[in-house]
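No value in this document is a laboratory result; all are computed from the given coordinates. Predicted, not measured: the structure shown is a model, and the values here were computed from it. Cβ coordinates were reconstructed from backbone atoms using ideal geometry, including for glycine residues, and neighbour counts include every protein chain displayed.
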Amino acid sequence: MYEHLLVALDGAPESERVLDHAEAIARAFHSRITVLRATISAETLLAETAGTGPAGGDMGSIIDPTPILEIDRESAAEYLTGVAQRLRAHDLTVDTEHPEGTPATEIVTRAGPRRRPDRHVDPRPRRPRPRPLRQRRRPRRAPCHVPGAPGPRHRRRRTRQSLTSARA
């Protein structure tokens, strides 16, 4: 049922609590686990540091993002390797990924629906087929299944005459 589990981590102890649950599911269904930690991208880092210059209109010094990005990638790789080793110690298949980008976009792109190329998916919504005419018809009066009781066919219709004669 669950062939592949994607576990997104950020290094916080609260996020690591999900590992116990992922481990239990992977054992039960013989699943493969991918642990993921998104690292900061160069564009995001430059956008965050662009406004740190003096307010007098001076752009300030431009920061080289390469050392910061390398440190972030190395720390993510080291952290995920440690998590993967803990899971592999329990005989689980574990992969690690540390892509550049915002966590939300990276998680959604990795966890998005994976469609098989050999299956054709019709984009139109499915409509229920109408039932055949024989199945749509219901009997007007159902027979009574109580032994000894008259069925609905045997009921006498009360007319105005019978009601007025019954009152008198």
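For the reader, a short list of remarks on this structure follows.
- Amide hydrogen proximity for LEU5: with H placed 1.01 Å from N in the peptide plane, the residues at 5 or more positions away or on another chain lying under 5 Å are ARG32, ILE33, THR34.
- Neighbourhood net charge (14 Å Cβ-Cβ; Lys/Arg +1, Asp/Glu -1) for ALA8: -3
- Two-site label geometry, THR66 and THR93: point separation in nm, points 7 Å out along Cα→Cβ: 3.9
- Using the Cβ-Cβ distance between ALA28 and ALA50 with R0 = 45 Å, the FRET efficiency computed as 1/(1 + (r/R0)^6) comes to roughly 0.40.
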